[in-house]
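A short worksheet on the structure shown next.
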Amino acid sequence: MKIALAFDPGRQSEWRDAFAGLNLEAIAPVEYVLAGTVPELRAAEPEIVIGYASGFVAAYLRNAPPTLKWAHFMNAGVDPVTKALGGKAPHFLSTNVRGIHVETMGEFVLMAMLHFAKRVPLWMEQQREHSWQPRANPLLSGKTVLIVGAGSIGGSVARICKSFGMHVVGVATREGPRPHFDQVAISMQPHLGTADYVICTLPLTADTTRVFDAAAFAAMKHGAVFLNIGRGEMVDEDAII
């Protein structure tokens, strides 16, 4: 079984050592091949490709040979591969690491919310200037957060927000109770005007492309904080500017 570790040259040794430590030879004979370009992947003729769902890996999979049996992606979002395939169903098995970033992204959102709530740039500026002026210290507690995308990452964000005493509203394809959400709706529009924080955790699809457009930003309350931890294509950049 030939496995191509398809990573940029700077990270190849890191991933080679990681997979070598799995001792997959106990299951079946394994030959690892390092590949950092489309020509190298083609020359390797692997049965399995492991890499990120973007760049040269996506380009290779656009015309993957019939000998390829499995492509495993070390990230959750695989939309670059979907685009490369042009909507065609692949002849190979494809898997990803959905859920692996749940805790990381939840903590990232908390960091960003506290950054704005606690006015971190102002405190850092005062530190540089050695000017210690008393400032108000706003709370997250009691604020409303709208999490657009109530999946695994959205649920992690909701859990953290509830622990800070926030009112948590989620947006999903189905209404109904979910852990850590005070309410789950099927549309964000009625809730944009009441949310102090709007968090986008959606996957990129045809339906979510530029879902945050001029109308969405116009509906948000004055002073609201918008955080997008999904693909940039979900935000109309001209509208947000």
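The values are calculated or read from the model by the stated rules, or taken from the named source; none is laboratory data. Remember, predicted model here, so these are calculated numbers, not experimental data. For neighbour counting, all protein chains shown are included, and Cβ atoms are generated from backbone atoms with ideal geometry for every residue, glycine included. Only protein heavy atoms, including side chains, enter the accessible area calculation; ligands, DNA and RNA are left aside. Shrake-Rupley method; radii C 1.70, N 1.55, O 1.52, S 1.80 Å.
Evaluate the following for ALA195: is it touching a Leu at 6+ places or on another chain (Cβ under 6 Å) and over 28 Å from ASN75 (Cα atoms)?
Yes: the conditions hold for ALA195.
Residues to consider are LEU68, LEU93; find the one that is open to solvent by less than 50 Å² (accessible area, probe 1.4 Å) and out of contact with any Leu (no Cβ under 6 Å at 6 or more places or on another chain).
Of the residues listed, the single one that is open to solvent by less than 50 Å² (accessible area, probe 1.4 Å) and out of contact with any Leu (no Cβ under 6 Å at 6 or more places or on another chain) is LEU68.
Taking region 96-134 on its own, how many of its residues are charged (D, E, K, R), open to solvent by 90 Å² or more (accessible area, probe 1.4 Å) and part of a loop (DSSP other than H, G, I, E, B)?
Of the residues in that region, 2 qualify.
Suppose we keep only residues that are within 21 Å of GLU31 (Cα to Cα) and not hydroxyl-bearing (Ser, Thr, Tyr) within region 46-55. Which one would you say is most open to solvent (accessible area, probe 1.4 Å)?
Here the residue is GLU47.
Of all residues in region 71-90, count the ones that are closer than 22 Å to PRO39 by Cα, out of contact with any strand residue (DSSP E or B) (no Cβ under 8 Å at 6 or more places or on another chain) and open to solvent by 50 Å² or more (accessible area, probe 1.4 Å).
3
Starting from region 11-37, keep only residues that are closer than 20 Å to VAL57 by Cβ, then list their pairs with residues that are open to solvent by 70 Å² or more (accessible area, probe 1.4 Å) and at pLDDT 80 or above whose Cβ atoms are within a distance under 6 Å, requiring at least 6 positions of separation or different chains.
Partner pairs satisfying both residue conditions: VAL30/MET1; GLY36/ASP8; GLY36/PRO9.
Which of the residues that make up region 22-45 are at pLDDT below 85, under 16 Å from HIS72 (Cα atoms) and open to solvent by 80 Å² or more (accessible area, probe 1.4 Å)?
LEU22
Within region 211-228, identify whether any single residue is among the polar types (S, T, N, Q), within 18 Å of PHE116 (Cα to Cα) and open to solvent by 30 Å² or more (accessible area, probe 1.4 Å), and answer yes or no.
yes
Do you know which of the residues in region 167-178 that are open to solvent by 40 Å² or more (accessible area, probe 1.4 Å) and touching a residue at least 24 places away in the same chain (Cβ under 8 Å) is farthest from VAL97 (Cα to Cα)?
Among those that are open to solvent by 40 Å² or more (accessible area, probe 1.4 Å) and touching a residue at least 24 places away in the same chain (Cβ under 8 Å), it is HIS167.
Considering only residues of region 135-166 that are assigned to a helix (DSSP H, G or I), out of contact with any helix residue (DSSP H, G or I) (no Cβ under 6 Å at 6 or more places or on another chain) and among the small types (Gly, Ala, Ser), which is most open to solvent (accessible area, probe 1.4 Å)?
So, considering only residues that are assigned to a helix (DSSP H, G or I), out of contact with any helix residue (DSSP H, G or I) (no Cβ under 6 Å at 6 or more places or on another chain) and among the small types (Gly, Ala, Ser), the one most open to solvent (accessible area, probe 1.4 Å) is SER163.
Go through the residues of region 109-128 one by one and say whether even a single one is touching a residue at least 24 places away in the same chain (Cβ under 8 Å) and either touching a His at 6+ places or on another chain (Cβ under 9 Å) or of a type in the set (Val, Ile, Thr) (or both).
Among the residues of region 109-128, at least one is touching a residue at least 24 places away in the same chain (Cβ under 8 Å) and either touching a His at 6+ places or on another chain (Cβ under 9 Å) or of a type in the set (Val, Ile, Thr) (or both), which makes the answer yes.
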